[in-house]
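K.L.:
The structure under discussion is supplied below as structure tokens; questions concerning it will follow.
The values are calculated or read from the model by the stated rules, or taken from the named source; none is laboratory data. The structure presented is a predicted model; accordingly, all values stated were derived computationally and were not measured. Neighbour counts are summed over all protein chains in view; Cβ atoms, including those assigned to glycine, are modelled from backbone coordinates with ideal geometry.
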Amino acid sequence: MLLWFWPENKRAIQDDLSNSPPHLEPDFQRWIWFNTDSPNNTRRYRRHKSLFNLTLSYRKDADIQVRRLLTFKNSDKEFVLPKKERLLCWFVDSDNLTTESGERYSYYRELINHMKVDVFHSSTKGENYFLTISSCKFYLSFEDSIHRDYITETFNGPLSVGTVPIVLGPPRKNYEDFAPGESFIHVNDFPTSLALAQFLLGLDKDQEAYMRYFNWRGYYTAIRHLTEEKYEFAHSICQACRHVGIFKKYRVVPDLYKWFLL
């Protein structure tokens with residue numbers, strides 16, 4: 001078996017396709033198209049029609065899903081809220097948030113007119129990453145593009161450490177396919193950034209209301225994602241190996257991009 005991984009940001013497949021699989025024979029061979037990027041950041045190749053026979057993606061309709069945010073709670077240990085030192089936080093790549101384009105940056109610039117946001121650089125990894133997020137009451141879980149099922153570690157991080165995610169991404173209903181609706185706050189639930197800020201400032205003064213966002217922890221446990229680059233795809237590889245070990249059916253994906261990009 002050969003697992004063919006294509007994380008777009010690593011450019012695993014060469015532009016000239018010189019290292020792409022030539023055909024799908026023999027029948028037991030499994031070529032897996034692996035992509036965790038959104039359609040906005042995915043390149044299209046004409047030769048990839050009927051080339052792969054398995055898909056590994058964040059999409060719920062993929063053959064193998066890479067997003068697993070929650071698992072059923074398996075202990076009687078009660079949830080203890082981490083110590084909160086900050087109200088609202090955000091991790092970003094950019095060093096100049098005033099010039100960045102995109103919906104998430106525009107919303108951030110509106111929001112800071114009404115409340116403080118503590119911003120950290122996304123180079124923070126490992127335990128320091130989780131400790132920083134856990135010290136915040138709320139976290140801006142803003143996706144870089146909005147597509148169906150595209151819910152990344154920016155949502156998983158705060159969820160796993162006892163912080164309430166403020167989400168900007170696909171509609172609320174889509175988030176509720178992955179996590180309880182009372183575990184997060186969606187920006188679309190508010191007509192303006194001012195209304196959201198007022199709501200968050202009110203929750204900051206109402207501990208009982210704030211703690212309701214953690215009632216789901218009586219039934220589920222949030223799974224931390226791996227933050228070190230060398231382990232970035234470890235879980236996905238394990239998921240792929242498990243799938244091909246269980247499911248033997250052979251098929252071909254007729255039009256990869258019609259499925260993923262449209």
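Residues are listed down the side, and each one gets a yes or a no for (1) within 22 Å of PHE184 (Cα to Cα); (2) touching a helix residue (DSSP H, G or I) at 6+ places or on another chain (Cβ under 7 Å):
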residue: LYS83; (1), (2): yes, no
residue: LEU87; (1), (2): yes, yes
residue: PHE91; (1), (2): yes, no
residue: ASN96; (1), (2): no, no
residue: TYR105; (1), (2): yes, no
residue: SER123; (1), (2): no, no
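K.L.:
Go through the residues of the stretch 48-64 one by one and say whether even a single one is free of Cβ contacts under 8 Å to residues at least 60 places away in the same chain and either among the hydroxyl-bearing types (Ser, Thr, Tyr) or farther than 29 Å from TRP33 by Cα (or both).
P.N.:
no
K.L.:
Across the stretch 150-164, which residue is modelled with the lowest pLDDT among those that are touching a Gly at 6+ places or on another chain (Cβ under 9 Å) and more than 16 Å from PHE79 (Cβ to Cβ)?
P.N.:
Selected residue: THR152.
K.L.:
Determine which single condition PRO158 fails, assuming it passes every other condition in (1) surrounded by fewer than 21 Cβ atoms within 10 Å (Cβ to Cβ); (2) under 14 Å from the mean Cα position of the chain (by Cα).
P.N.:
Unmet condition: (1).
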